[in-house]
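What follows is a short report on a single structure.
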């Protein structure tokens, strides 16, 4: 699969974010850089899905044999007093004011590791797009999750001190000697690191968690060495199709609309890609050589290209691995859906996700930039 062109932007911020529509090709590929805010309209009530017939029986969430093998870090046992919601565990907000919308249990961790493999395929086996020097000495992974990206990165950059931060201590204890994990709430400013400290800061899949992207990226800028790089990778919460096979009012169509509205309600946007928030934040913070890279990630094996078909298969597997965990807390606590309504909706969603006649994709965007040498 050919690597798409990367679009660079001037350092000075625009008066408003640029807006371009994605290309209208029939199969997923690279997309034009830019942000188009998603308009939320036509959200169906939760009761709608109870009234709709299903064309096939549907089981509970798909499970896979590849367990997320992770033993927890050596930390005080009180940290493990996770909050339980409908049988799933979430980060405990007993110790901080931090809240995160996806679970931190075994099923969620297994899904996270599948996503890591998917994104590695999307990037042609690479862990980063920023042009890093092989001799970098310090790197930070914000929102490290299971720690799988940080582990792989530390294995490659053996002379680099790598730190992975997260709200929950769900990372393995057997890791490369140049890697350590720390409990850090990335929304608690300032970050507990010296200014001008890291050669590279990596972050991904933080949509729905950041209330103010400008302030968040400004923290990353402050902790980066002059000449260092910061890189963000996000995926849109909105499913799209370019050939009309994703119908208005369908379960996959409603997925994005409900998430967008939930983000507006709680003040933490989910459609970070559609609103173009990250690129604007990079430019406002003062980064130079700001570069965007976009990709239309197919959902399912419908693409004709062999590489895209493989990517689509893993995208579907990653989605089905814990689709319940993705929506349960937000749709229940923010949007007011009952657990029963969520379960019925998920049956319709899984049915459509598995339909090879629906040529859906989600838009992914990587943004990276360099801190000027003149910055301090």
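Per-residue Cβ neighbour counts within 10 Å put 106, 253 in the sequence 106, 253, beginning with the fewest.
Short-range pairs are left out: with C-alpha atoms under 8 Å and at least six residues apart, the relative contact order of the stretch 274-376 is 45 percent. Modelled label positions at residue 48 and residue 137, each set 7 Å beyond Cα in the direction of Cβ, lie 5.7 nm from each other.
Dimensions of the stretch 241-376 from C-alpha coordinates, computed as largest minus smallest value along each principal axis and given longest first, are 56, 40, 25 Å. Calculate the length of the line joining the C-alpha centroid of the stretch 253-272 to that of the stretch 312-376, in whole Å. Comparing the Cα centres of the stretch 253-272 and the stretch 312-376, I get a distance of 11 Å. Residues of the stretch 262-306 with amide nitrogen under 15 Å from the 7 Å Cα-to-Cβ point of residue 373? Inside the label zone: 288-289. Normalised by 2.2 N^0.38 Å, where N is the number of residues, the C-alpha radius of gyration of the stretch 244-293 stands at 1.51.
Packing-based ranking of 347-359, 233-245, 284-296 yields 284-296, 233-245, 347-359, ordered from highest to lowest mean Cβ neighbour count within 10 Å. Here the peptides 275-282, 256-263, 333-340 are ranked by packing, the mean other Cβ count within 10 Å, and the order with the highest first is 275-282, 256-263, 333-340.
Summary of packing: across the peptides 221-227, 128-134, 109-115, the per-residue average of other C-beta atoms within 10 Å ranks them, highest first, as 109-115, 221-227, 128-134. On full extension, the segment bounded by residue 124 and residue 152 gains 8.6 nm, given 0.36 nm per residue less the C-alpha separation.
Where a number appears in this text, it was derived from the coordinates with a stated rule and is not lab data. Only a predicted model underlies this, so the values are computations on that prediction, with no experimental measurement involved. Here Cβ is always computed from backbone atoms with ideal geometry, including for glycine, and neighbour counts include all displayed protein chains.
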